[in-house]
Every structure is written in structure tokens, then in C-alpha cells.
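Asks: Mind looking over this structure? Questions follow.
Readers should treat all values here as calculations from the given coordinates under stated rules, not as data from a laboratory. Computed from a prediction, not measured in an experiment: that's the story for all the values here. Neighbour counts run over all protein chains shown; Cβ positions are idealised from the backbone, glycine included.
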């Protein structure tokens, strides 16, 4: 009896994949990664905690170069072991603290613990980031594509950090300012740190005043009612319109299908004056029903366009089978088309809700009575010299947070609905 050993696998140690020039590139990547992280930490400590910091440039670059050197030397295959990467980061952090005399960014003796802990964490992350930036790259074969890949990763890391900072900073400024008192803002407007010594009631006094004194609870109710009503009206009419232009044949069907978005050729500021005159004559100005006429008129075209693209991807055979079984046209839409279109309906509903929630121009022009203000219209009442800035910032947070939470929760539906119909077949 013979045994087949042709399928037996033998394990061989992963060979090193480095060269002198490859190690030099690893040193460069390690130095850049460490300098980027140390600078980011110093900026965050300055902005969020109000600390005076100073990044030691030379120790950061030197320690990052050592991290890159070790990753290049101990590299196995196309990457270095994860545990080794963490060990390199920890040891580098200890050495870095010794090089900077336990003052990595000049926090002082009173914050020695935070300086030590954050230095170790930063260097460990830097080591992992260096390992990640060198992944799946043969440093022993330094071709043009290797240099291009490394360059793109460096640009992406710096670009991601920069654009993330400029996107988050306005919201962070708005949030922190909403917790400050007028005296704190006037004393040091550039201080963006949060005072944790104040009580819970003192921290949220701005939100309490905005919600109850300035009647923002009523504004939230009005905005929610208007936005939800706009979503319902828009979806009902857009579903019928999109189904008509994709399934029915009638004179002018192609022209109507192609001219859905013509209304967006006219800026809203051009339409608001004629609408103001007409609504004033009809008695719809300074009423919420007036907004429920305008808002669906501005959201139906884009909703119809998105649903039309999605309906074109649905097979007609299912609807024809339903009609053969005795269902009416509306029965087919209710029992077959709508259940298959739930992702698109969710994305369109979310998009329309955000438009109606954030709309300002028509609400500002048409509403004069405070009892029927929407949130965006009510924000104007906070923009005056008599109202503390913290109240304005608290109102901005109240307007922004709900729609942000809804957006992140339904993001997958929004992306799926926007891309639906992009590829046929």
C-alpha cells in the first residue's frame, strides 16, 4: 500500500522582501507617519484642551525613521508581523519619552501622566500605520508602480487628515461654543476647550434657554410636521409619475421623461418673489399649508427622477404576471412595484426630508408669525446682539444633530437609491 504525498504541504519561513533602497523608503514612511500623528496630537491638545504645545520635530522624525528602519529590517514577505509592530511602537515610545525628557509636546509636569500615555499610544499607532502603509509592496523590487503607490498613500493620508479636520472643526466649534457662557466666550473666543468643572445644569443652560425660552420645541414640532408631510406628498406623487413615464405609453412621454429636472434651471430666488405675490393673494402666506405647496413642488422633480431610474431596473414580467392574475394597475403598484422599491423609496424619503428640514429661503419669506416658525426660520430670532452667542450655537446644534443622525442611520439606503439605475441589464 502506497501513500500519496503529492498534496502534502511544507511550511517554509517567509523570506525577507527588502533591499537597501527599500529600507530607505520604509524609513521615510515611518518618519512621515510619526510626524503626522505627533502633529495631529499636538493640534488636538491645543484646540480641545486649550494647552500650549510644541511638537519636537527632530525627535519625532528620528523616532519615526527608527520605526521605519525596524519594519524594513524585520519585514517578512510583504509585511511585518502585527505583534512585532506593536512591540516596535511601544519601545519607540519609551525611547521617545527619554529623548524629550518626559515632555513630548511640552505639556508640563502637571500633565506628566497624559503626556506619557499619549506618547506611547501615538508611537504604537505610528508603528501600525507604517506597517499598514507598506502592506503588499515588494521593497526588493523598486519599480515605478511601487513609488507611485507609496506616494499616493502618503498623499491620501495627509489629504484625509486635512479634509477631515476642516469638515469636523466647524461642527466642533459650534458644539463647544454652545456649552460656554457669554463671559467665557468674550474672555477668550479662541479657547475651544470644555470646562468640566461646571455642573451639568450650567453646561446645558444654552439648550434649556433655546428649547423653552425661545420656544424651539414648537419649532421642532413644526419642522417635523412639515418635513414628514412633504415626504408623504412627494413620494405619493413621485411614485405615480415615475411609474407613468417608465411603464405607460402616451403622447409626449419621452419629452416628459427627459425634462423632469427643468425646474432646477431656475434658482429659487427667482421664483420666491412671484410665489410671494400669489400666496399673498390666495391667503397662503404665513401658513404652514403654504409651505406644503412649495416644498413638494421643489422636491418632486428630483424624487421622480430617482424613482424613474430605479423603476427602469425592475422587470416588467412581474407586473404583467400580476395583471394576468387579475390585479389592477394600482394593485400591481401596491403589491409588486412598491415592495421591490423599498430601498429607493427610503433613499428618496430621506433626501426629501433633509431638504424640507433645512430649507430656509421660502420659510423666511413666507412665515411671519413665531408660532408657526420652522427651525431654520426660528434660527433668525437668535441672530441678534441681545442674544448670547452660546444660544445661537445651541440652536444650530439642535437644527443639525437630528438630520445628521437620520442621515448616518439611513446612509446605506441613500447611497443605494442614488446609484440605482446607473447600470442596466
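Asks: I'd like the orientation of helix 288-311 relative to the chain: the angle between its Cα long axis and the longest Cα principal axis, in ° from 0 to 90, rounded to 10.
Replies: Tilt relative to the chain: about 60 degrees.
Asks: While we're here: Based only on other Cβ atoms within 10 Å, what is the fewest-to-most ordering of 43, 270, 236, 66?
Replies: Working: 43 15, 270 9, 236 12, 66 19.
Going from least to most buried by this count: 270, 236, 43, 66.
Asks: Sticking with this one: Give me Rg over Rh for the range 209-419, both radii from the alpha carbons and Rh done the Kirkwood way, two decimal places. Can you show the working numbers first?
Replies: Working: Rg = 19.8 Å, Rh = 19.0 Å.
Reported Rg/Rh (Cα atoms, Kirkwood Rh): 1.05.
Asks: Find the percent of Cα-Cα distances in the chain that exceed 32 Å, and round it to a whole number. Walk me through the numbers on the way to the answer.
Replies: Details: 54909 of 90100 pairs.
So the portion of pairs separated by more than 32 Å is 61 percent.
Asks: Report the relative contact order of the range 20-178, percent, no decimals, based on alpha-carbon pairs under 8 angstrom and at least 6 residues apart. Mind showing how you got there, number by number?
Replies: Working: 190 pairs, mean separation 43.4, N = 159.
Reported relative contact order: 27 percent.
Asks: Rounded to the nearest 500, what is the 222 nm mean residue ellipticity of the chain from helices alone, with -39500 (n - 2.57) per DSSP H run of 4+ residues and division by all residues? Each step should come with its number before you reach the end.
Replies: Working: 19 runs with 283 residues, N = 425.
Taken over the chain, the calculation gives -22000 deg cm²/dmol.
Asks: Output the relative contact order of the chain, whole-number percent, from Cα pairs under 8 angstrom with separation of 6+ residues. Numbers along the way, then the final one.
Replies: Working: 487 pairs, mean separation 70.5, N = 425.
Worked out over the chain, it gives 17 percent.
Asks: Here's a follow-up. Where does each of 177, 223 land when they are ranked from fewest to most other beta-carbon atoms within 10 angstrom?
Replies: Values: 177 21, 223 25.
Final ranking by Cβ density, sparse to dense: 177, 223.
Asks: Next question. Return 73, 176, 121 ranked ascending by Cβ neighbour count within 10 Å, so the fewest neighbours appear first. Write out the running numbers ahead of the final one.
Replies: Numbers: 73 12, 176 18, 121 15.
Going from least to most buried by this count: 73, 121, 176.
Asks: Separate question: Given the convex hull of the Cα atoms of the range 20-178, what is a quarter of its surface area in nm²?
Replies: Working: hull surface 39.3 nm².
Approximately 9.8 nm², given one-decimal rounding.
Asks: Can I ask one more? Tilt of helix 112-133 relative to the longest C-alpha principal axis of the chain, in degrees (0 to 90, nearest 10)?
Replies: 80 degrees
Asks: With axes computed from alpha carbons, what is the tilt in degrees of helix 216-247 against the longest principal axis of the chain, rounded to the nearest 10 within 0 to 90?
Replies: 80 degrees
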